[in-house]
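Undergrad: Submitted below is the structure of interest, expressed as structure tokens.
The values are calculated or read from the model by the stated rules, or taken from the named source; none is laboratory data. This is a predicted model, so every value here is computed, not measured. Counting neighbours? That spans all protein chains shown, and the Cβs are built from the backbone with ideal geometry, glycine included.
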Amino acid sequence: MIEFEVKSRKMNLGKRKGQTVFYASPKAKQRVTNKMVIDRIVRETSLSAGDVSNAMISLGAIVRDALLMGASLIWQSLARSASSLRPR
């Protein structure tokens, strides 16, 4: 669950210039580490931690190479909705 804190900031531009505005900011960034992903895949499949780790390293290299070539990656089977990565 994400926890927020209320922060304030004085606006420098726009129609609210000089006014103090309040906004919600997450208290901490939630991160998913490689170890967390590997542990979950090992728990839910019959693969070993080494197998999963090697597959993730290979996938990272493939993604990097594809983006360097300027290709788009479409993740249809990794998520419920298709998402894509495009190089800048």
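Undergrad: Name every residue in region 1-27 that is in a loop (DSSP other than H, G, I, E, B) and surrounded by fewer than 11 Cβ atoms within 10 Å (Cβ to Cβ), in order of residue number. Explain how you work it out, then say what you get.
TA: So the first thing to find is which residues in region 1-27 are in a loop (DSSP other than H, G, I, E, B), and the list is 1-3, 11-19, 27.
Passing the criteria: MET1, ILE2, GLU3, ASN12, LEU13, GLY14, LYS15, LYS17, GLY18, GLN19, LYS27.
Undergrad: Restricting to region 1-24, name every residue that is modelled with pLDDT under 90 and either among the small types (Gly, Ala, Ser) or closer than 30 Å to ILE57 by Cα (or both).
TA: Scanning region 1-24 gives MET1, ILE2, GLY14, GLY18.
Undergrad: One residue is enough: does region 41-49 have a residue meeting the conditions in a loop (DSSP other than H, G, I, E, B) and either surrounded by fewer than 10 Cβ atoms within 10 Å (Cβ to Cβ) or modelled with pLDDT under 90 (or both)?
TA: yes
Conditions tested, residue by residue: (1) surrounded by 10 or more Cβ atoms within 10 Å (Cβ to Cβ); (2) at pLDDT 95 or above; (3) assigned to a strand (DSSP E or B).
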| site | (1), (2), (3) |
| --- | --- |
| LYS29 | no, no, no |
| VAL32 | no, no, no |
| LYS35 | yes, no, no |
| ASP51 | yes, yes, no |
| LEU59 | yes, no, no |
| ALA66 | yes, no, no |
| SER77 | no, no, no |
| SER84 | no, no, yes |
